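A.B. asks: Here it is: the structure, laid out below.
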Amino acid sequence: MKQDKVFSEDYLPVKGESFMNDRQLEFFRRKLVNWKNDLMSDSKDTIEGLQDNTRNIPDIADRASEETDRALELRTRDRQRKLVSKIDAALRRIDEGEYGYCEITGEPISLKRLDARPIATMTLEAQESHERREKVHRDD
């Protein structure tokens, strides 16, 4: 596989190299896949935990506490599901050659931003502008 020859485990993208070269793409692909695998593993553990905890608790306060914990787990699981969807979208962008470029301006997203948030679809400036517009429309 070509990418294995190009990529080493201790590689970190740097600003001076050509943007979204094979090494950078493989770095972000691995980062996204590992993140997705971690989320899927957590999800599996959550589902197993919820199935194991289905029991009849006679004390109403204990039952309420358990139901609150269960609701929190389900909300967390829903956030993880949405995150997995965003990770899948980022992996598709890598495959399509669009990864790392702002969907609004077409400009490269900084490597520092992508390293911190590999599912980012906008430059920091475009994201801030988008959030300001959202806030204005929400206040209406």
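A.B. asks: In a Gaussian network model over the chain where Cα atoms closer than 10 Å are linked, find which of 33, 14, 84 has the largest mean-square fluctuation.
C.D. replies: Result for the chain, Cα springs under 10 Å: 14 fluctuates most.
A.B. asks: Moving on. To the nearest 20 debye, what is the magnitude of the charge dipole of the chain about its Cα centre, counting +1 on the Cβ of each Lys and Arg and -1 on the Cβ of each Asp and Glu?
C.D. replies: Dipole about the Cα centre, nearest 20: 340 debye.
A.B. asks: FRET efficiency for residue 76 and residue 33, Cβ-Cβ distance as r, R0 = 25 Å, nearest 0.05?
C.D. replies: Working: r = 21 Å, r/R0 = 0.85.
Working from the Cβ atoms, E equals 0.70.
A.B. asks: Could I ask something else about it? What does the extension gain come out to for residue 86 and residue 66, with contour length at 0.36 nm per residue minus their alpha carbon separation?
C.D. replies: Working it through step by step, the gained length comes to 4.2 nm.
A.B. asks: Comparing 65, 41, 18, which has the greatest mean-square fluctuation in the GNM of the chain with Cα pairs linked when under 10 Å apart?
C.D. replies: 65
A.B. asks: Follow-up. Output the direction-averaged projected area (hull surface divided by four) of the convex hull of the alpha-carbon atoms of the chain, in nm². It would help to have the intermediate numbers written out before the result.
C.D. replies: Working: hull surface 50.8 nm².
So the Cα hull casts an average projection of 12.7 nm².
A.B. asks: Here's something else I'd like to know. Tell me, what is the percent relative contact order of region 50-140, built from C-alpha pairs under 8 Å that lie six or more residues apart?
C.D. replies: 17 percent.
A.B. asks: With the chain treated as a Gaussian network of Cα nodes joined by springs under 10 Å, which of 118, 13, 58 yields the largest mean-square fluctuation?
C.D. replies: Of 118, 13, 58, the most mobile in the Gaussian network model is 58.
A.B. asks: Can you count the Lys pairs in the chain with C-alpha separation below 24 Å, eight or more apart or on different chains?
C.D. replies: 22
Read the figures in this text as sums done on the coordinates, not as results from a lab. Keep in mind the model is a prediction, meaning the values are calculated, not measured. Cβ coordinates were reconstructed from backbone atoms using ideal geometry, including for glycine residues, and neighbour counts include every protein chain displayed.
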